[in-house]
1. Please pick out the residue among 102, 73 that is hydroxyl-bearing (Ser, Thr, Tyr) and buried (at least 18 other Cβ atoms within 10 Å of the Cβ).
2. State yes or no: is residue 32 under 20 Å from residue 81 (Cβ atoms), in contact with a Leu (Cβ under 7 Å, 6 or more places away or on another chain) and of a type outside the set (Lys, Arg)?
3. Which residues, taken from region 84-101, are touching a residue at least 40 places away in the same chain (Cβ under 8 Å) and within 19 Å of residue 51 (Cα to Cα)?
4. Is it the case, given these coordinates, that residue 27 is of a type in the set (Phe, Trp, Tyr), surrounded by fewer than 19 Cβ atoms within 10 Å (Cβ to Cβ) and modelled with pLDDT of 95 or more?
5. Which residue pairs have Cβ atoms under 7 Å apart, sit 6 or more places apart or on different chains, and have a first residue in region 25-48 that is under 20 Å from residue 79 (Cα atoms) and a second that is among the charged types (D, E, K, R) and loosely packed, with under 15 Cβ neighbours inside 10 Å?
6. May I ask you to list the residues in region 76-97 that are surrounded by 14 or more Cβ atoms within 10 Å (Cβ to Cβ) and either at pLDDT below 95 or within 22 Å of residue 31 (Cβ to Cβ) (or both)?
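The values are calculated or read from the model by the stated rules, or taken from the named source; none is laboratory data. It should be emphasised that the depicted structure is a prediction, and the values quoted were computed from it without experimental measurement. With ideal geometry, Cβ positions are generated from the backbone for all residues, glycine too; neighbour counts draw on all protein chains shown.
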Amino acid sequence: MLHVGFSMFRIVFTPEAINDLRQFRKYDQQHIVAAIETQLLHQPAHETRHRKRLRPNALAEWELRVQTFRVFYDVDVAQSVVKIAAVGSKQGNTLFIHGEEYQL
């Protein structure tokens, strides 16, 4: 496989993010993981319609939107690693992470 101009990033999940994923239906889990693989393997620190850099917070530097779900992650460009810190869901304007309401 040849990647010209792109470096592949390795995606790692924290234990908390794995637990977060397990809260969702199997179909949603597959959809979220597919979006992570599509969106974050190349240029994960590049803002797009679905990815944005967050204001400084205790959770993560970046957010990936996947329908009503939110994937929070950090990027280590030097190591080519994307660390998935948490996966939550939006209900209206309220964000839920680890099953609890969360304020960013």
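1. Of the residues listed, the single one that is hydroxyl-bearing (Ser, Thr, Tyr) and buried (at least 18 other Cβ atoms within 10 Å of the Cβ) is 73.
2. yes
3. Residues satisfying the conditions are 84, 85, 86, 87, 88, 89, 97.
4. Spelling it out, residue 27 is indeed of a type in the set (Phe, Trp, Tyr), surrounded by fewer than 19 Cβ atoms within 10 Å (Cβ to Cβ) and modelled with pLDDT of 95 or more.
5. Going by the 7 Å Cβ cut-off, the qualifying pairs are 47/53.
6. 82, 83, 84, 85, 86, 87, 88, 89, 95, 96, 97
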